[in-house]
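To keep things clear, I will list the structure first and then write my remarks on it.
The values are calculated or read from the model by the stated rules, or taken from the named source; none is laboratory data. Predicted model, so just to flag it, every value in this text is computed and none were measured. Using ideal geometry, Cβ is built from the backbone for each residue, glycine included, and neighbour counts are taken over all protein chains shown. Calculation scope for accessible area: heavy atoms of the full protein, side chains included, ligands and nucleic acids excluded. Shrake-Rupley method; radii C 1.70, N 1.55, O 1.52, S 1.80 Å.
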Amino acid sequence: MQDNFRKSKELEVAIKAALEAGKILEKYFETDILKELKEDKSIVTLVDNESEEIIKKIILEAFPVHSFFGEETGMTGNESEYIWRVDPIDGTKNFANGVPLFAISIALVYQNKVIVAVVHNPATRSIFYAELGKGAYLNDKRIFVSKDDAAHSIISGGKSRRDEDRKLCRDLMHDLQEIFKGLTVRDFGAIALDLAYVARGGLEATVQVGLNSYDFAAGTLLVEEAGGKITALDGSPWKFPDNYFLASNGVFHDAL
């Protein structure tokens, strides 16, 4: 059921861009692809660049006055309050090693509010999308966060490559597992999917520490539109683009 949801032009274009980029990822997945190291020691492949190029082309052809901020090419145009924030492959290391946990993440941000979101994993043919105030969807079916409590939950963690962020996330994950008996901790290495899985009820919570806005922009809207809750790590109000936050189904959020 789509609940009579009519996609905006912005969402239609974002889905088209994600699907076209997904074809590129499918073509190269589980093949020998050239890997390079960025300055921060993270991996980039030629596919990241090719994926971003097609996304950028499709979006800017449809919305030439909008700004575009991509992981690989940075900011294009800075006059518009409409900014597309794009990660052409979230989970590049998984992708480069043939692990099917990766996604294309596309978000449209207006005045520091995410208003359109698409997260697409071509390996599983999963396309998550949301618009502000219109709910969250997976492959055109409405999705909602789970109702499970801590005793039956899975929580994931994502962190930047900074030593202090890695330590903070490691300490948090250890402490949470000690406090909440029955809670399972996972690190999928793909932040956009962490948030998308919270939105569809596959995870109960995710802790995100110090990442870039293009990593989590789309996913945060999915969580909120699916009925989830996002706060700063100390429980205070969260707003985009703050990059230290807890996203959950809300059931045991305050306890977390």
Given 20 °C, 1.002 mPa s and a Kirkwood radius over Cα pairs, the Stokes-Einstein diffusion coefficient of the stretch 98-161 in µm²/s is 153 µm²/s
The chain: longest segment with zero exposed GluC sites (Glu not before Pro), where exposed means DSSP loop plus at most 13 other C-beta atoms within 10 Å, is residues 82-256
For K159, other-chain or 5+-apart residues with amide H closer than 5 Å (H placed, Pro excluded) are V209
Residue among I154, S67, V99 farthest towards the positive dipole end of the stretch 64-160, charges placed on Cβ = I154
What dipole magnitude, in Debye to the nearest 20, does the stretch 48-91 give about its Cα centre under +1 on Lys/Arg Cβ and -1 on Asp/Glu Cβ?
-> 200 debye
Dipole of the chain, Cα-centred, from +1 at each Lys and Arg C-beta and -1 at each Asp and Glu C-beta, to the nearest 20 debye?
-> 500 debye
Between 0 and 90°, nearest 10: helix 163-179 axis offset from the chain longest Cα axis = 40 degrees
How compact and how long is the chain, expressed as Rg and Dmax of its alpha-carbon atoms in Å?
-> 17.2, 52
Gain on full stretching of the segment that runs from D163 to E61 - 0.36 nm per residue minus C-alpha separation | 32.7 nm
Where the chain is the region considered: accessible area per residue in Å², 1.4 Å probe = 47 Å²
Virtual spin-label span in nm between E20 and F5, 7 Å along Cα→Cβ | 2.3 nm
Nearest 20 debye, what's the magnitude of the dipole of the stretch 192-256 about its Cα centre given +1 on Lys and Arg Cβ and -1 on Asp and Glu Cβ?
-> 80 debye
